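Peer 1: Following this message is one structure expressed as structure tokens.
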Amino acid sequence: MVDTYRLRSPLAHLHLDARAHEEADISGTGVVMKEIPYRGLINIRGDAADSAFVDAVQKAVKLSPPVDANTVAGKANTTRIMWLGPDEWLVITSPQGADRAMKALWKNLKTDGLHAAVTDSTQARTCIEISGPRAREVLQKGCSLDLHPSVFGPGQSAQTIVSKVAVMMTQTAAARNGDPTYELYPLRSFATYLWTWLEDASQEYGLKVG
């Protein structure tokens, strides 16, 4: 893991914290956007049919890797595991839990005869959260994925394209008012472009930085 004092958000130059302070009142807003930097992102590979692999992951992060395509195990704002493929997953943790999760996964998966891989990709990506009653409409301006609630709801995930940027995307539980919340994980080199595009696409609905 990178030393904490060396961490720098790929969107730091946009001064989003200052904008969020200035735009604190989000009532009546169609779209709310914010960056959630420094989350732990750990890629794991293995055989979901191998009970030893599943048990090792469960022991390390208290969750089993989901076997249903395009789903996420765990709840928002806690450790989660996102399905990426039949033998690949992304463990998402809080910044504080990243180092512990990495060490625990490495320790438990480093077993003789167990075919598995663990890769820390924390610094490769950031998280852009977009929520609000018009968030879905904004995303569908640049994403061909069907985001209708009957198809893509809380706990669903996908690797897709948003305005030419490859992202890992998941919808977290809807807010109390029913508004959807999406998390997009682009590579850090595309984060500024994606943020700028989303911001521009949100203007007609009323945008505030959260």
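The values are calculated or read from the model by the stated rules, or taken from the named source; none is laboratory data. Remember, it's a predicted structure, so these values are computed and weren't measured experimentally. Virtual Cβ from ideal backbone geometry, glycine too; neighbours counted across all protein chains shown.
Peer 1: From Ser9, Ser94, which residue is under 19 Å from the mean Cα position of the chain (by Cα), surrounded by 14 or more Cβ atoms within 10 Å (Cβ to Cβ) and under 30 Å from Gln203 (Cβ atoms)? Outline the logic, then answer.
Peer 2: On the way: Ser94 fails: under 30 Å from Gln203 (Cβ atoms).
Step by step, each of Ser9, Ser94 is checked, and only Ser9 is under 19 Å from the mean Cα position of the chain (by Cα), surrounded by 14 or more Cβ atoms within 10 Å (Cβ to Cβ) and under 30 Å from Gln203 (Cβ atoms).
Peer 1: Quick test for you: out of Leu41, Leu63, pick the one residue that is outside any helix (DSSP H, G or I), under 25 Å from Arg188 (Cβ atoms), touching a strand residue (DSSP E or B) at 6+ places or on another chain (Cβ under 9 Å) and not polar (S, T, N, Q). Steps first, please.
Peer 2: Values: Leu63 fails: under 25 Å from Arg188 (Cβ atoms).
None of the other options fit; the residue is Leu41.
Peer 1: Return the residues of segment 125-144 that are farther than 16 Å from Leu207 by Cα and surrounded by fewer than 15 Cβ atoms within 10 Å (Cβ to Cβ); say none if nothing qualifies.
Peer 2: Ser144
Peer 1: Which members of segment 70-112 meet the condition of being of a type in the set (A, V, I, L, M, F, W, C), touching a residue at least 24 places away in the same chain (Cβ under 8 Å) and in a helix (DSSP H, G or I)?
Peer 2: Within segment 70-112, the subset of a type in the set (A, V, I, L, M, F, W, C) is 72-73, 76, 81-84, 89-92, 98, 101-102, 104-106, 109.
If we keep only those that are touching a residue at least 24 places away in the same chain (Cβ under 8 Å) too, we end up with 72, 76, 81-84, 89-92, 98, 101-102, 104-105, 109.
Within segment 70-112, Ala98, Ala101, Met102, Ala104, Leu105, Leu109 qualify.
Peer 1: Among Ser202, Ser157, which is at pLDDT 95 or above and part of a helix (DSSP H, G or I)? Spell out how you get there, then give the answer.
Peer 2: On the way: Ser157 fails: part of a helix (DSSP H, G or I).
Matching residue, one of Ser202, Ser157: Ser202.
Peer 1: Can you tell me which residue is surrounded by the fewest Cβ atoms within 10 Å (Cβ to Cβ) among those in segment 13-35 that are modelled with pLDDT under 85 and hydrophobic (A, V, I, L, M, F, W, C)?
Peer 2: Ala24
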